[in-house]
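What follows is calculated from the coordinates using simple rules that are stated; it is not laboratory data. Please read these numbers as outputs of a predicted model, since none were measured by experiment. Note: ideal-geometry Cβ built from the backbone for every residue, glycine included; neighbour counts use all protein chains shown.
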Amino acid sequence: MALQGIRALIFDMDGVIVDSEPLHLIAYQEFFGKFDIEYTAEHNREFLGCKDIAMAQILIDRHSLPETPAGMVHAKETILLRLLAGQAIARPGLSTILERAKTANLPLAIASSATLPTIHLVVDRLNIRPYFQTLTSGDEVQNGKPAPDVFLLAAERLGVEPESCLVIEDTLNGIRAAKAAQMMCIAIPCAETMHQDHSLADVRLTSLVEIEFNQAPDGSLSTGAYSSAQNR
């Protein structure tokens, strides 16, 4: 299924641009270790794609922690930034799609539930900042994914109508947010989100490298043919 009328490309970050979901889990495990609380990958699955501040309130209530949501997020982010500084690894195909988008003069944005400091660290660690016109965090909007707010803000900053934006996501919450924003969406699950339902996405692929762009007569872009990994 080719997607047409594309005038901007919006990336989620965790699990799409950077292989960071395991590091988020480690950061939470280190945080909860101070309270002798076990926090497993299964526990973490509930919150994939969610804003940390909303997640923090749920976990504080659940475990009766002596923390504020902001304090918990700060503590976890301090650990995460240390981990990312040494272990941030780009997802397969990232450099290829960024160069393809650059060649096609396609405006790019990141719209992530992550905090802005984390987004800035990742783009600098991976040396990809020059590709992006805007970096947008869930902390800048009232409602996190699956609400469309962060994607709509990214589109506004790019100056592109939502229906002309293509989002790349890996989580169910992210896909719901993209579709609520009336945007096209390609799902590319990572290992941690492979179990989720991606059927709301327009297309499901296995790698960023499968996405190609073709010029349309009206100046917009369409996606090219996908490999046999395409899966709806």
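With a cut-off of 13 Å between beta carbons, the residues surrounding Cys190 carry a summed charge of -4, where Lys and Arg count +1 and Asp and Glu -1. Working from Cα pairs under 8 Å separated by at least six residues, relative contact order for region 21-87 is 39 percent.
Along the chain, counting only GluC sites (Glu not before Pro) with a DSSP assignment other than H, G, I, E or B and at most 14 other Cβ atoms inside a 10 Å radius, the longest segment between sites is 47-232.
Note down the magnitude of the dipole of region 21-87 about its Cα centre, charges +1 on Lys and Arg C-beta and -1 on Asp and Glu C-beta and zero elsewhere, to the nearest 20 debye.
Details: 6 positive and 10 negative charges, 31 e Å.
So the magnitude is around 160 debye.
Residue by residue, region 40-56 carries 3J(HN,Hα) couplings of 9, 4, 5, 4, 6, 4, 4, 10, 4, x, 8, 5, 4, 5, 6, 4, 4 Hz when phi is fed to the Karplus relation 6.51 cos²θ - 1.76 cosθ + 1.60 (θ = phi - 60°); x denotes Gly or Pro.
The charge dipole of region 66-119, taken about its Cα centre with unit charges on the Cβ atoms of Lys, Arg (+1), Asp and Glu (-1) only, comes to about 200 debye.
Applying 1/(1 + (r/R0)^6) with R0 = 30 Å to the Cβ-Cβ distance of Ala85 and Lys34 gives a FRET efficiency near 0.90.
Sorted ascending by nearby beta carbons within 10 Å, beginning with the fewest, Ser95, Ser20, Ser112, Ser199 become Ser199, Ser95, Ser20, Ser112.
Magnitude of the charge dipole for the chain, about its Cα centre and with charges confined to Cβ atoms of Lys, Arg (+1) and Asp, Glu (-1), is about 380 debye.
Here Cys185, Cys190 are placed in order of increasing Cβ neighbour count within 10 Å, fewest first, which gives Cys190, Cys185. Enclosing the Cα atoms of region 1-92 in their convex hull gives a volume equal to 137 cubic angstrom per residue. Residue exposure proxy: Thr96, Thr68, ordered by other Cβ atoms within 10 angstrom of their Cβ from fewest to most, comes out as Thr68, Thr96. In the chain, if the dipole is taken from +1 on Lys/Arg beta carbons and -1 on Asp/Glu beta carbons about the Cα centre, which of Leu80, Gly5, Ile58 is farthest to the positive end? Of the options given, the answer is Gly5.
Using a ≥ b ≥ c from the Cα gyration tensor of region 120-226 (square roots of the eigenvalues), is it rounded, prolate or oblate, where a/c under 1.5 gives rounded and otherwise the larger of a/b and b/c decides, a/b for prolate? Please list the in-between numbers first.
Numbers: a/c = 1.19, a/b = 1.05, b/c = 1.14.
Cα axes put region 120-226 in the rounded bin.
Amide H of Val18 versus every other amide H placed in the peptide plane: which residues, excluding those fewer than 5 positions away on the same chain, fall under 5 Å? Here Arg91 satisfy the definition. Suppose R0 equals 25 Å; then what is the FRET efficiency for Lys102 and Ala41 from their Cβ-Cβ distance, rounded to the nearest 0.05? For R0 = 25 Å, the calculated efficiency reads 0.10.
Based on Cα contacts under 8 Å between residues 6+ apart, the chain shows a relative contact order of 27 percent.
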